[in-house]
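Peer 1: The structure that follows is given in the form of structure tokens.
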Amino acid sequence: MSDLIPGRARRRSGKPRLAAVVVALASALVMTACGSSGGDDKPQQTPAAGGGQSAPASAGTFPVTVEHKYGSTEVKSEPKKIVTLGLSDHDTVLALGLKPVGAIDWFKEKPYGKWPWAKDLWGPTPPEIVGERDEYNTEKILKLQPDLIIAVYSGMKKEQYDTLSKIAPVVAQPKGFQDYGAPWQDMTRHIGKSLGRAAQTDKLITDIDARFKAAREKHPEFAGKTVTVADNFEPGIFSAFTKTDPKVIFFTELGFATNPKVDALTKPGDNVVDLSAEKLDVVDSDRLIWVTSGAEHDARIKAEPFYTKLKVVTEKRDLFVPYENPDIGAAFSFNTVLSIPYAIDNVLPLLAAKAG
């Protein structure tokens, strides 16, 4: 199981590999410009899956200009070939009734359509894999001849943006937020605007907000209770996620409050605080949600002597949730308009059963 579920891995990436394509890019673009788009290039409408929502693939409104971290990008007409470079950007594209031709590989196993909320929306035709987290294969992207590149839930660098902008319009991260730190609503609107579907996007967000509101009304006992979401990446190191992490955001929208002890230790740009066993008192809160890779990890945490002494443990207010099988942790790690309904439906019974 990879550590690269959105929001799970630390927001620190190595220097991007830009492959030596910049010099050759101009001539290559001339060659690809001669190509033509056939009928297969049209956006595909697909049914909803896994509790997710898919809007009809109606035509968008263009031109649109999207402001982002590296300036602004104009999308002049309906994109027929979309490449997504953000870890979960494809979920919003799918929810709006379109299907990317290229996506990122960070699972090494069907990274684009593994999860129940999106699997059916991809249909039988997988996207081309065009790189890994924040490291893009420019040649593969070029061969796809995209007319829009989306890199919203990403750590795209300026030099990458400049290179890819020679291929197609690029919509980069929302400005005003650290990389991977924009709320799901902002990222959804960012992508929706680039696709000319602002009204459809607002409807998707409104529907999700209504789901959260219904959950809060059903469970008023969550209101104001502090929550910590944590993982045990490796033996002896415990990681508590910070308030900008999608997982924590998910639980705050259910009514919980963030843990001030975790917030106080947060470093700019990071979505996790690493703790030794001796510092596990930081995760002591009204509710403690462990999201892990399975029984082996759970047993390792429960066997830690410092952990067993925490009040949240002795009062049985800790909860262990798997990333997958069932895919609950992955759903609130993605925290997208497609995955949130699945997450809410599956998390609420677990929280209610462990009410404290």
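Peer 1: Please determine, by comparing only the residues of the range 308-345 that are in contact with an Asp or Glu (Cβ under 6 Å, 6 or more places away or on another chain) and among the aliphatic types (A, V, I, L, M), which one is surrounded by the most Cβ atoms within 10 Å (Cβ to Cβ). Reasoning before the result, please.
Peer 2: We begin by selecting, within the range 308-345, every residue in contact with an Asp or Glu (Cβ under 6 Å, 6 or more places away or on another chain); these are 310-312, 320, 330, 336, 338.
With among the aliphatic types (A, V, I, L, M) added as a condition, the list becomes 310, 312, 330, 338.
Working: Leu310: 19, Val312: 19, Ala330: 26, Leu338: 29.
By that ranking, first place goes to Leu338.
Peer 1: Exactly one of these conditions fails for His90: (1) buried (at least 16 other Cβ atoms within 10 Å of the Cβ); (2) in contact (Cβ under 8 Å) with a residue 40 or more places away in the chain; (3) not aromatic (Phe, Trp, Tyr). Give me its number.
Peer 2: (2)
Peer 1: For the range 156-173, which residues satisfy the criterion of being outside any helix (DSSP H, G or I) and in contact with a Gly (Cβ under 9 Å, 6 or more places away or on another chain)? Explain how you work it out, then say what you get.
Peer 2: Initial filter on the range 156-173 (outside any helix (DSSP H, G or I)): 156-157, 165-173.
Within the range 156-173, Met156, Ala172, Gln173 qualify.
Peer 1: Inspect the range 305-323 for any residue being touching a Leu at 6+ places or on another chain (Cβ under 6 Å), hydrophobic (A, V, I, L, M, F, W, C) and farther than 28 Å from His219 by Cα and give the result as yes or no.
Peer 2: The answer is yes, given that some residue of the range 305-323 is touching a Leu at 6+ places or on another chain (Cβ under 6 Å), hydrophobic (A, V, I, L, M, F, W, C) and farther than 28 Å from His219 by Cα.
Peer 1: Check Lys143, Lys158, Lys175 and return the single one that is among the charged types (D, E, K, R) and in contact with a strand residue (DSSP E or B) (Cβ under 7 Å, 6 or more places away or on another chain). Step through it out loud before you land on a result.
Peer 2: Working: Lys143 fails: in contact with a strand residue (DSSP E or B) (Cβ under 7 Å, 6 or more places away or on another chain); Lys158 fails: in contact with a strand residue (DSSP E or B) (Cβ under 7 Å, 6 or more places away or on another chain).
Answer to the check: Lys175.
Peer 1: Would you confirm whether or not the range 160-173 contains a residue that is within 30 Å of Ile301 (Cα to Cα) and crowded, with 17+ Cβ neighbours inside 10 Å?
Peer 2: Within the range 160-173, the first condition is being within 30 Å of Ile301 (Cα to Cα), and the residues that meet it are none.
There is no residue in the range 160-173 that is within 30 Å of Ile301 (Cα to Cα) and crowded, with 17+ Cβ neighbours inside 10 Å.
Peer 1: Please work out which residue is modelled with the lowest pLDDT, limiting yourself to the range 290-304 and to residues that are within 27 Å of Phe222 (Cα to Cα) and touching a helix residue (DSSP H, G or I) at 6+ places or on another chain (Cβ under 7 Å).
Peer 2: Thr292
Peer 1: Let me ask you something else. Which residue is modelled with the lowest pLDDT, if the candidates are limited to the range 202-251 and must be in contact with a Ser or Thr (Cβ under 6 Å, 6 or more places away or on another chain) and among the hydroxyl-bearing types (Ser, Thr, Tyr)?
Peer 2: By that ranking, first place goes to Thr242.
Peer 1: Could you tell me which numbered condition Tyr153 fails, if it satisfies all but one of (1) closer than 25 Å to Pro341 by Cα; (2) part of a helix (DSSP H, G or I)?
Peer 2: (2)
Peer 1: Now for a different question. So in the range 182-238, with the set limited to residues that are part of a loop (DSSP other than H, G, I, E, B) and touching a Pro at 6+ places or on another chain (Cβ under 8 Å), which one is nearest to Pro322 (Cα to Cα)? Lay out the reasoning, then the answer.
Peer 2: We begin by selecting, within the range 182-238, every residue part of a loop (DSSP other than H, G, I, E, B); these are 182-183, 195-197, 219, 223-225, 235-236.
Next, only the ones that are touching a Pro at 6+ places or on another chain (Cβ under 8 Å) stay: 182, 195.
Numbers: Ala182: 25, Leu195: 34 Å.
This residue is Ala182.
Peer 1: For the range 282-304, name all the residues that are loosely packed, with under 14 Cβ neighbours inside 10 Å and touching a residue at least 12 places away in the same chain (Cβ under 8 Å).
Peer 2: Filtering the range 282-304 for residues loosely packed, with under 14 Cβ neighbours inside 10 Å gives 294-296, 299, 302-303.
Of everything in the range 282-304, just one residue is loosely packed, with under 14 Cβ neighbours inside 10 Å and touching a residue at least 12 places away in the same chain (Cβ under 8 Å), namely Gly294.
Peer 1: Pull out all pairs, ordered by first then second residue, where Cβ-Cβ is under 6 Å, the residues are six or more apart or on different chains, the first lies in the range 171-189 and is without any contact (Cβ under 8 Å) to a residue 60 or more places away in the chain, and the second is part of a helix (DSSP H, G or I).
Peer 2: Matching pairs, first to second residue: Gln185/Ile205; Arg189/Thr201.
Peer 1: Any idea how many residues of the range 132-150 are surrounded by fewer than 22 Cβ atoms within 10 Å (Cβ to Cβ) and free of Cβ contacts under 8 Å to residues at least 60 places away in the same chain?
Peer 2: Qualifying residue count, the range 132-150: 2.
Peer 1: For Thr125, only one of the following conditions fails: (1) hydroxyl-bearing (Ser, Thr, Tyr); (2) within 17 Å of Pro169 (Cα to Cα); (3) surrounded by fewer than 20 Cβ atoms within 10 Å (Cβ to Cβ). What is its number?
Peer 2: Here Thr125 meets the rest and fails (2).
Peer 1: Among what's in the range 178-200 and is over 15 Å from the mean Cα position of the chain (by Cα) and surrounded by fewer than 24 Cβ atoms within 10 Å (Cβ to Cβ), pick the residue that is nearest to Arg133 (Cα to Cα).
Peer 2: Checked the range 178-200; the qualifying residue nearest to Arg133 (Cα to Cα) is Lys193.
The values are calculated or read from the model by the stated rules, or taken from the named source; none is laboratory data. What you are looking at is a predicted structure, and each value in this text was computed from that prediction instead of being measured. Positions of Cβ are generated from backbone atoms using ideal geometry, with glycine treated the same way; all protein chains shown enter the neighbour counts.
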